[in-house]
Amino acid sequence: MDQRYWDRVASDYDGEIFDSFTSDRTGVLVRRLETFADRSAPAADAGCGVGKYLPFLAPRFARVDAYDLSGELLKQARTAAGRFENIRYFKRNFASPSATVFPVRFALCANVLIMADTAIREAVLRSVARMVERGGHAIFLIPSVESALLAHHRLMEWHRQDGLSPAEASRASIAPAAKAGRRLADGLVPIDGVPTKHFLREEAAVFFRRGGFAPLQFDKVEYGWETEFESPPDWMQAPFPWDWLVTTKRL
Ligand SMILES: C[S@@+](CC[C@H](N)C(=O)[O-])C[C@H]1O[C@@H](n2cnc3c(N)ncnc32)[C@H](O)[C@@H]1O
């Protein structure tokens, strides 16, 4: 998941990368973000991608600093949010301790802390910590291990509804789980074949606190089952898969 990876993703971003902002079933993302809206303060979108959140953030803050590792994705973000004059765009690698960042009272960091390498993930979090002023807030969206396991159980349930015995259903569902294999213990679940970091809620609390952010609240951002399976059956309803939305205060 280096710059080359993200530049390559840019050619088919919507086909490859899931849109958390529009897929949120309950609107909790917007409700949490609204809590921090302040027309007199600057904010940041740390790892903005193609800028899905920028049209929401720009009218609610004095200025928005949109950062990303990928020049190709930033180009698309500029086009998508071109009508807003209060957005500044910065190509930065947050894994670098010398990446220049500018102080803000609030930062959003949505599905950026997903790289498999722990040292890189911690370095990226440190860069976000450098930009948020003490006492300011940050909202992080991160994949959930619990949700990935729920998806596995749902797949078994699906096989059983199709008439398989519990043992057969378990065997039929094991292939996707086996792909994760031993790395599941590290929270690494393959998404489209790419090992992607998923967090336990309790693990995330420790991770953010160690990175200089006190977790204030955990919310589930729930999505439909079609984000996990192609053509899920109608009976497959709640509980839905989710990402963790972590509201934090900079220590
Ligand atoms: C899954 S996308 C999420 C984009 C956007 N936040 C959203 O939710 O739509 C992850 C983004 O993180 C960016 N990213 C990954 N590693 C980074 C790094 N080391 N420094 C800055 N941005 C990074 C990628 O380029 C990509 O745009």
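Each reported figure results from applying straightforward, stated rules to the coordinates on display, with no laboratory input. What you see is a predicted model; the values in this text were computed from it and never measured.
Any idea what angle helix 71-80 forms with the longest principal axis of the chain, computed on alpha-carbon atoms, 0 to 90 degrees, nearest 10?
80
What shape does the chain take by its C-alpha gyration tensor, where a ≥ b ≥ c are the square roots of the eigenvalues and a/c under 1.5 counts as rounded, a/b above b/c as prolate, and the rest as oblate?
prolate
Starting from the Cα gyration tensor of region 186-251, take the square roots of the eigenvalues, sort them a ≥ b ≥ c, and report rounded, prolate or oblate (rounded when a/c is under 1.5, otherwise prolate if a/b is larger than b/c, else oblate).
Oblate, because a/c is 1.5 or more while a/b does not exceed b/c.
What is the gain in length, in nm to one decimal, between residue 194 and residue 5 on full extension, counting 0.36 nm per residue of separation less the C-alpha to C-alpha distance?
Computed gain between residue 194 and residue 5 is 67.0 nm.
Checking the a/c ratio against 1.5 first, then a/b against b/c, what shape does the Cα gyration tensor give for region 7-67?
On the way: a/c = 3.37, a/b = 1.44, b/c = 2.34.
Oblate, because a/c is 1.5 or more while a/b does not exceed b/c.
Cα-based count: Lys pairs in the chain below 21 Å, eight or more positions apart or different chains?
Lysine pair count for the chain: 7.
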